[in-house]
1. With the label 7 angstrom out along Cα to Cβ, how close does residue B:72 come to the same site in each of the other copies, in nm, nearest first?
2. Sorted from fewest to most neighbouring beta carbons within 10 Å, what does the list C:63, B:35 look like?
3. Give the nm distances, rounded to one decimal, from residue B:16 to the matching residue in every other copy, measuring between label points 7 Å along Cα toward the beta carbon; shortest first.
4. Could you tell me the largest-minus-smallest coordinate of the C-alpha atoms of region C:3-118 on each of the three principal axes, in descending order and whole angstroms?
5. Choose one answer from A:49, A:138, A:127: the residue with the largest mean-square fluctuation in a GNM of chain A with alpha-carbon springs under 10 Å.
6. Apply the Kirkwood formula to region A:3-66: the hydrodynamic radius equals the inverse of the mean of 1/r over all pairs of different alpha-carbon atoms; give it in Å with one decimal.
7. Between residue B:2 and residue B:29, what is the label-to-label distance in nm when each label sits 7 Å out along the Cα-to-Cβ direction?
8. Residue by residue through A:85-94, how many Cβ atoms from other chains fall within 10 Å of the Cβ on average?
C-alpha cells in the first residue's frame, strides 16, 4: 500500500466525520489526484460485503463505517447495560449533596479532598443531582433530584438514614456540615489549588454553618 | 475473510475502548477460540508498518490505532496534539501510582518529598489515574486507568519492568549506608531525643563561618 | 539585607523567608511539600544579583536551612506512629533514610521509563468518534428503589472520620512566634536592668529558646539591644544599648554569642537553634 493510501486510511479512521478529497489533500499534503488514487486503493482493500469496515462515499465526503451485517453484535456490545452501581467517588459526592444540600462544588471538593468534577458531571448526567441556583459567591449549588428519591426508594429527604450509626464520633454535637469540612481539612482537603474548582470560596462554608 | 473476522473487525472499529477476547466473544456470540482465530486473521490483514491502521494489544484487550507515520497529517486534520508530554513531577507521581497502586496522596508526597497535589490533579484531569476508594485513614487512594495502559502502549501492568532493576548495586548501597552513618555520627547529639540536651555542638562549625 | 526578608516564589509559598518560617512553625505550610532546594536556589540567585557575599546573613541562612533540612528529614522518616522517630537509633535512622533514598531513586528511574514508553507511542492515535446513535440502544430506565440509601450514610460516616494526626507534635513545636518573643525581650529591657539569656528563657522549651535567640538577633540588628559574653561557656548578658554593666565591646572577649560560645547551661545558642529539630 502506498504511503499516500496509508495516510488517507489513517485520516479516515481517526476522523469522526466524512472527509472531502480537498480536506484529505490538505491534511496529508498531497495533490487531489493522489488522494483520489489512494481512495481507489482503499476501495479495493475494503470491498463491500467482505470486511467488517466499509468505505463509504457520502454527501460530505468519504468515511469508514462498520459493516451493517455486524449491527446485531455491535448493539449487544454498545448497549451493555451501564453498571448501575456508583463508584466510590460518586457515592461520596452524592452523599454530600444529599445530606448538605444545597452545596457548592468547592465545598464538596474541600470535604472530599480531591477534585470532584467528573463525579459531579456523571451524577448530573444520570439525573441524580441538579443545579439549585448560585451561592452568594457565585458558585453553582447542587441538590438531589426527584429521580434520586425514586432510585433510593425515599419518600422525602427526611427519610435519609440517620448518620449516627456510622458516625465515628457520634457524641459530637456540632453541625454535620461543619464536622465534614473539618474532617476534610484534616485529611488535606484544602490541597486543591485555586482554580481547580471555580471559584474558591473560603468564607462560604463558615457563613453557612449558621443555617 | 470469515464472518467471525468481519464481525470482530467491526466491533473493534466501533468500540472506544480495547475489547477483551471475552467481550468480543459475548458480543459476537462466538466461542473464544473463534475470536482468537479472527484476531489472528486481522493481524495478518493489518501488518505493522504497511497500513494506516494497526491492530494493537493494549490494556487487556485489542484495539485499532493509527499508524504513527501518519501523525503529521493527523495533527493537521484534528488540530490537536495527541497527548501533552509529562512534566517530571507528573511522571514521578504517575510512576509511584503505577507501581504502588492503590496509593494515597500523603504516601506519594512522602516518597517524593515535595508537593504532589498539582501533579495528581493534572493526572486525574487527563484521566491517567483514577480514584480507588479510601485508605483506612480516610485518604483517597489512586490507581492508574485503562487510558494509562492504552496511551503508554501497555497490555497490562505486568508489562512494567520490576522496579528494583533501577536500584543501585549492593556495593553502592553499602557505600551509601556508610556515608549516611558517618553523616549521622557527625551530627552526633542532634540525634538525641528532645529534652536531653545534646553534648555536642553540631551547628558550631556552621555558625563560626560568621566570625 | 537580612535573610528574613529574602523574597521567595516557590510552588507552595510565595513571600519573605521569615513568613515562610513562621508558617512552617505554625504548621500552615507543610514542610514535606516544600522544596528546600528551591529555597537554596532562590538564595543563590539573590546572592548573585547582589554580587557580594555577606557572611553574617549567609551564616544565618545556612543555620536556618540546616534546621529545616533536619526537621524535614525527620518528618520524612516519621511513620504513622509519632514516637517512632524519637526512639530511632542512628543505625536505624540511616537504614530508614537509605530505604527512602532508594524509593525516591527507584520511582524517579521508573518515571524516566514511563516517559520513554510515552515517547515511543508518539503518533499513535485512537478513534474517538462516538459509535453511531442507532447502534446505542436507549438505556433502560433504572429501577425504582434499586439503590440502597445506607450506602449514602456510610459514605458520610467515612467522610466524618478524622485521620490520625501525623502532625508535628512529636517534634514538640509549641506555637511560639518571633513577634511574641520580641515582645517578651522588650518587656525585660523596659525594666531597665540588664538580664541574662538564661533568665530570659528560664523554664522555656527548646523551641522557645531558639525563637528567643532569633528575636534577640533581630533586636540587635535593629540596635535595640546589646549583648555580651565575657567568657566562653559563660552567661550572655543582655541590656539596652549602653546600659550593660561592664565596659568594652559588646562581644566581651571577642566571641560572638551566636557563634558557638557556650552560655550558662552548656548549650551554645547556635546549637539551640539547630536543635529546633530534636
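Readers should treat all values here as calculations from the given coordinates under stated rules, not as data from a laboratory. Keep in mind the model is a prediction, meaning the values are calculated, not measured. Positions of Cβ are backbone-derived with ideal geometry, glycine not excepted, and every protein chain shown enters the neighbour counts.
1. 4.7
2. Working: C:63 22, B:35 26.
If I rank by nearby Cβ atoms, fewest first, I get C:63, B:35.
3. 0.9
4. Taking max minus min along each principal axis of the Cα atoms, region C:3-118 gives 44, 39, 26 Å.
5. Highest fluctuation of the listed residues: A:49.
6. Values: mean 1/r = 0.0871 Å⁻¹.
Averaging 1/r across every pair of different Cα atoms and inverting gives 11.5 Å.
7. 1.8
8. On the way: counts 3, 4, 4, 9, 6, 2, 6, 11, 1, 4.
That average works out to 5.
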